[in-house]
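> Sending over a structure as structure tokens; questions will come in a sec.
The values are calculated or read from the model by the stated rules, or taken from the named source; none is laboratory data. Fair warning: this is a prediction, and the values are worked out from it, not measured in the lab. For neighbour counting, all protein chains shown are included, and Cβ atoms are generated from backbone atoms with ideal geometry for every residue, glycine included. Just the protein is used for accessible areas: all its heavy atoms, side chains included, with ligands, DNA and RNA removed. Shrake-Rupley method; radii C 1.70, N 1.55, O 1.52, S 1.80 Å.
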Amino acid sequence: MLVKYPKDLKLPLVSSHRLSQNSNLLRTDMASGRARQRKRFQSVPTTMGATWKLNKYQAQILEGFVTHGVKEAVNWFLMPVRTPQGLIEHEVRFINSPLESCTYNGGFWNYSANIEVKKRQVVSEEATANRLLEPNTIEQFVNGVSDALNTYQE
């Protein structure tokens, strides 16, 4: 069973939030000039930069969590990650320990680390198809039909 991110600890700052998924494509250039692409793996990890600006009590929680909760930043744990669907709990681990880059400035403890997200959750295939196939409003549908007719007549 995985340890959960402490409820009393702030999530990493959103201003520096960035999710970067590793490439999952294998591309082969053909003699004809065309290229062939295929998926390499079923899933690839996503990395995100994380920064915290904490008061002394929150810093104690973070340092205790990293040291004891996830065994010196080695083990996987569950943490809410901000995605386009909102905050969703993901299985994550530290790529580098936040304790490696701790600074004190203006009464706050600042930490930063890179975090690996094991499998980033995205909208389901069914939800994607529903959103692509059904118009959001009557006005959008009418505008779409009107644009299609105008394009066809040109």
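> Subtracting the Cα-Cα distance from 0.36 nm times the residue separation, let me have the gained length for LEU11 to ARG82 in nm, one decimal.
So the extension gain works out to 24.6 nm.
> Here is a further query. Got a number for the accessible area of ARG38? Probe 1.4 Å, square angstrom, nearest 10.
Roll a 1.4 Å probe over it and ARG38 shows about 80 Å².
> If you work out mean projected area of the Cα convex hull in nm² from the coordinates, which of (i) 15.1; (ii) 16.0; (iii) 9.0 do you get?
(ii)
> Hey, if we sort HIS68, HIS90 by accessible area with the 1.4 Å probe, largest down, what's the order?
On the way: HIS68 130, HIS90 5 Å².
The ordering from most to least exposed comes out as HIS68, HIS90.
> Further question on the same structure: Grab the DSSP H runs of the chain that are 4 residues or longer, score each as -39,500 (n - 2.57), total them, divide by all residues and round the 222 nm result to the nearest 500 deg cm²/dmol. List each step's numbers first, then the result.
On the way: 3 runs with 34 residues, N = 154.
Result for the chain, helices only: -6500 deg cm²/dmol.
> How much net charge surrounds LYS119 when only other residues with a Cβ under 14 Å from its Cβ are counted (Lys, Arg +1; Asp, Glu -1)?
Result for the neighbourhood of LYS119: 0.
> A further question on this structure: To the nearest 10 degrees, how steeply does helix 138-153 sit against the main Cα axis of the chain, on a 0 to 90 scale?
Helix 138-153 and the main axis of the chain meet at about 50 degrees.
> Moving on. Ignoring ligands and nucleic acids, what accessible area does ARG36 show with a 1.4 Å probe (Å², nearest 10)?
Probe radius 1.4 Å; accessible area of ARG36 about 130 Å².
> Heavy atoms only, 1.4 Å probe, whole protein assembly: order TYR104, TYR152, TYR111 by accessible area, highest first.
Ranked from most to least accessible, the order is TYR152, TYR104, TYR111.
> What figure, in Å² to the nearest 10, do you get for the accessible area of ASP147 with a 1.4 Å probe and non-protein molecules left out?
About 90 Å², rounded to the nearest 10.
> How would GLU63, GLU139 line up by accessible area, probe 1.4 Å, largest first?
So the residues, ranked largest to smallest area, are GLU139, GLU63.
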